[in-house]
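Colleague: Dropping a structure here in structure tokens format, bear with me for questions.
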Amino acid sequence: MNTLTNKRILLGITGGIAAYKGAEIIRRFQDAGAEVRVVMTRAACEFITPLTMQALSGHPVHVDLLDTDAEAAMGHIELARWADLVLVAPATADFMARLANGRGDDLLTTLCLATVAPIALAPAMNQAMWLNKATSKNEADLKDRGILIFGPGEGLQACGDTGPGRLLDPEQLLQHCSEQFSSGVLSGYNVVITAGPTQEAIDPVRYISNHSSGKQGFALAEATVEAGAKVTLVSGPSQLTTPDRVERIDVVSALEMLEAVMERVATCNLFIGVAAVADYRPIDPKAHKIKKDISGDNLTIHLIKNPDILAAVAALKDGPFTIGFAAETQDVIRHAREKLERKNLDLIIANDVSDVSIGFNSDENRTTVISKTETKPLPLMSKHQLARKLVKMFAEYIEKR
Ligand code: C5P
């Protein structure tokens, strides 16, 4: 199934006659659920206008690296971080050469250098240019660096020649791009994920909770299902939409979350605890609203410790591969490693929530993956990008176990 639901595709258009096909690519990708933003080289603007691309994509088109207006709206680094995938279609011989050489001499090459998202090129050029040794060498160098090359197709060319160098059809590009998001690395896995906050009742109208949005847990549920797993998401209160093909179990309190997890964990082989479970709950939640005229100026609420769901799963005999998250505000790595050992986890993902740009409610995250023997810091990226990256890493760690 060719789907790009909720995927952010940065479409780069370079200066070849096939540039006009960018219009159709935008349409097909949007139909498949993607959000598309467009970056054009100056040469591409000779073939098709940015205005056309702006009207189709619904967003301003970015052309110049040193454009203060565009930078103020969405700077090039922001754009590089925004993308889940960069697709350059058509990619000319000159663009491939500049990228192969690590140049950052225009907006599109600079974005390709700055992004942590996968980059795919769909070459389009005259057949002799494609077959030229210089282009073949550039193609090999780009592939070596992990850059994907889609096509080119063969057939009659705009210049009258016949041979390799035609831009793949939008439908073929859609298929190749959607395959990037459905890796299959967790196919056959049964995964339980906890997400969001828990709410601990004080009385029928009040509760203790935290700022967790559920974004990272929901993104992981989406990435694990796309990696081929069967996924159950046990979620505390959250407004987020359930990702396709994910079974969602809504809970409110830590005790409900524990019960929902324990009912399902026996048949799962991967457990990921992302939820920000409240550490304590009121020992004696009141049946009726606490009245301030009766309680006076000081009110004491006695709390009792909640069970640790993650540690309970990790303690199971023949239990699943168990992964936790550690939101810390200081001495992040040391505290996270201490939790990994104390809770007997296979992996822990540490993040610094004292930085509001990567904390609970933000769309971005910077984390460190910690195993018993390794510490791997990851760069800042969107929670969706991070989820896909983590899923690949999880599959590798599970393989090694
Ligand atoms: O100990 P701390 O709360 O910092 O640990 C965080 C990790 O433990 C997260 O993965 C969280 O989902 C999990 N956790 C849990 N049950 C608790 C507390 C934390 O599953 N009661």
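The values are calculated or read from the model by the stated rules, or taken from the named source; none is laboratory data. Note that the coordinates shown come from a computational prediction; the quantities given were computed from them, not determined experimentally. Positions of Cβ are backbone-derived with ideal geometry, glycine not excepted, and every protein chain shown enters the neighbour counts. Only protein heavy atoms, including side chains, enter the accessible area calculation; ligands, DNA and RNA are left aside. Shrake-Rupley method; radii C 1.70, N 1.55, O 1.52, S 1.80 Å.
Colleague: Being within 22 Å of F271 (Cβ to Cβ) and of a type in the set (D, E): is that true of E179 here?
Modeller: no
Colleague: In segment 243-265, what residues are open to solvent by 50 Å² or more (accessible area, probe 1.4 Å) and in contact with a Leu (Cβ under 8 Å, 6 or more places away or on another chain)?
Modeller: Scanning segment 243-265 gives E247, R248.
Colleague: Hey, another quick one. Identify all residues within segment 88-130 that are more than 22 Å from L66 (Cα to Cα), touching a residue at least 60 places away in the same chain (Cβ under 8 Å) and within 23 Å of the chain's Cα centre (by Cα); write none if there are none.
Modeller: Correct list: A89, A117, P118, A120.
Colleague: Which residues, taken from segment 180-222, are among the polar types (S, T, N, Q), in a helix (DSSP H, G or I) and crowded, with 20+ Cβ neighbours inside 10 Å?
Modeller: Matches in segment 180-222: Q216 only.
Colleague: Can we say R388 is open to solvent by 60 Å² or more (accessible area, probe 1.4 Å) and at pLDDT below 95?
Modeller: no
Colleague: Those residues that are surrounded by fewer than 18 Cβ atoms within 10 Å (Cβ to Cβ), within 12 Å of the ligand (Cβ to nearest atom) and assigned to a loop (DSSP other than H, G, I, E, B), I need them from segment 328-343; list them, please.
Modeller: T329
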